[in-house]
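*Asks:* Supplied in structure tokens, the structure appears directly below.
What follows is calculated from the coordinates using simple rules that are stated; it is not laboratory data. Remember, predicted model here, so these are calculated numbers, not experimental data. Using ideal geometry, Cβ is built from the backbone for each residue, glycine included, and neighbour counts are taken over all protein chains shown.
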Amino acid sequence: MPTEPDRVGGPLERVTWVECPRDAWQGLPVAPSTPDKVGHLRDLLAAGFDHLDLGSFVSPRAVPQMADTEAVLAALEAPGTADLLCIVGNLRGLERATRAVGVTSVGYPLAVSDTFQRRNVGTSVAVAWDVVGELLAGAEKADIDVVVYVSMGFGNPYGDPWDPEVTAAAVARARAMGVKRVALADTLGDADAEAVGAVLGAVDRPQELGLHLHSRPGAWVPKVEVALANGVRWFEGALAGVGGCPFASDELVGNLPTESVLPWLVDQGFAVAPDLTGLARLARDAKRLAGPAAA
């Protein structure tokens, strides 16, 4: 795990932060233009954000806001040290990712709710597990990492059977298949600290997991505290808290606000990669790109 010196010469434990403009943009009524996306992403890279979830290779009919992902990547000219992740829903998406410029990882949303899996990706959970196997085989040939996002990992509103052990079983199955990067997603943003603690307590080796939490403003601190106490050192969010899953509910619940969480993590004694001095400006830019949806 990367470290850096603290004030008395010892190492600070590093928290990996994945900035998710893709999640910020995918639910907007009007997406930013391709040049605006590229400019914002270049600013993020210049500020030291080294893990970006920036696009998706899915049907433009389903997510028109991401239809220009190939064009964005072609214009970005990102440094080879950055991890550039795009979401895929099937092998066709992976094939597009392998042809695009600079993609290092693909993310696949695999819900523990069959209802949501059909709403989000258009397949059953049973079929989704087959897709994971296909993605792993194809990604290995292309030297691309696969991240499995366990969606609805903290419960669902659809009446599908769920308890913390359901999420734990999904994590164990993904790992047994060879998935090295697994993140739990609070897709609706309604999990409280108790729920986060219960799920992390049920999962084997929670310190190896990522957390993609959605949260209403001001409600994220207890959840992040519980996650840190359980060893989690990989979090995801978006500047100004913009975003959320447009397929989960009628009311989007935003992402963890980067400009608030990163300074808070540093105050808790952790190291982060991005430069904190420019976060306020980047958050203003993110709100501007989101337009009225960020109000």
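*Asks:* Need one number: the % of Cα-Cα pairs in segment 75-138 sitting beyond the 13 Å mark.
*Replies:* 63 percent
*Asks:* List the residues whose amide H sits under 5 Å from the amide H of residue 187, counting only those 5 or more places along or on another chain, with H placed 1.01 Å from N in the peptide plane.
*Replies:* Answer set, sorted by chain and number: 152, 153, 154.
*Asks:* Report the semi-axes of the equivalent ellipsoid for segment 1-148 in whole Å, largest first, where each axis is √(5λ) for an eigenvalue λ of the Cα gyration tensor.
*Replies:* 27, 20, 15
*Asks:* Next question, about the same structure. Taking every alpha carbon pair in segment 94-240, what does the distance histogram look like in 10 angstrom bins from 0, in percent?
*Replies:* Per 10 Å bin, starting at 0, the Cα pair percentages come out as 11, 41, 35, 12, 0.
*Asks:* OK, next. Ranking 66, 177 by Cβ neighbours within 10 Å, fewest first, what do you get?
*Replies:* Lowest to highest Cβ neighbour count: 177, 66.
*Asks:* Stretched out fully, how many nm does the piece from residue 275 to residue 169 gain, at 0.36 nm a residue minus the Cα gap?
*Replies:* 34.4 nm
*Asks:* Listing 22, 288 from the residue with the fewest other Cβ atoms within 10 Å to the one with the most, what is the order?
*Replies:* So the residues, fewest neighbours to most, are 288, 22.
*Asks:* Within the chain, which whole H helices from DSSP have a Cα span along their axis of at least 24 Å and a mean Kyte-Doolittle hydropathy of -0.5 or more, if any?
*Replies:* Helices passing the filter in the chain: 125-142.
*Asks:* Projected onto the charge dipole of the chain (+1 at Lys/Arg Cβ, -1 at Asp/Glu Cβ, origin at the Cα centre), which of 120, 271, 177 gives the Cα projection farthest towards the positive end?
*Replies:* 120
*Asks:* How many angstrom lie between the Cα centre of segment 141-191 and the Cα centre of segment 48-71?
*Replies:* 21 Å
*Asks:* Once you place label points 7 Å from the Cα toward the Cβ at residue 119 and residue 205, how far apart are they in nm?
*Replies:* 3.2 nm
*Asks:* Where does each of 287, 180 land when they are ranked from fewest to most other beta-carbon atoms within 10 angstrom?
*Replies:* 180, 287
*Asks:* Normalised by the number of residues in segment 14-294, what is the relative contact order in percent for Cα pairs under 8 Å and 6+ residues apart?
*Replies:* Dividing the mean separation by the residue count of segment 14-294 yields 21 percent.
*Asks:* Quick one: Debye curve from the C-alpha atoms of segment 38-85, no solvent, what's log10 I(q)/I(0) at q = 0.15, 0.28 Å⁻¹?
*Replies:* Log-scaled intensity ratios, in q order: -0.39, -1.07.
*Asks:* Something else about it: Classify segment 115-172 as rounded, prolate or oblate, taking a ≥ b ≥ c as the square roots of the eigenvalues of its Cα gyration tensor: rounded when a/c is under 1.5, otherwise prolate if a/b is larger than b/c and oblate if not.
*Replies:* prolate
*Asks:* Quick one: grab Rg to one decimal and Dmax as a whole number for the chain, Cα atoms only, in Å.
*Replies:* Looking at the chain, its Cα Rg and Dmax stand at 17.7, 54 Å.
*Asks:* What percent does the relative contact order of segment 58-103 come to when contacts are Cα pairs within less than 8 Å and at least six residues apart?
*Replies:* Once normalised by length, the contact order is 46 percent.
*Asks:* Rounded to a whole number, what is D in µm²/s for segment 161-295 from Stokes-Einstein with the Kirkwood radius over alpha-carbon pairs (37 °C, 0.692 mPa s)?
*Replies:* Answer, rounded: 209 µm²/s.
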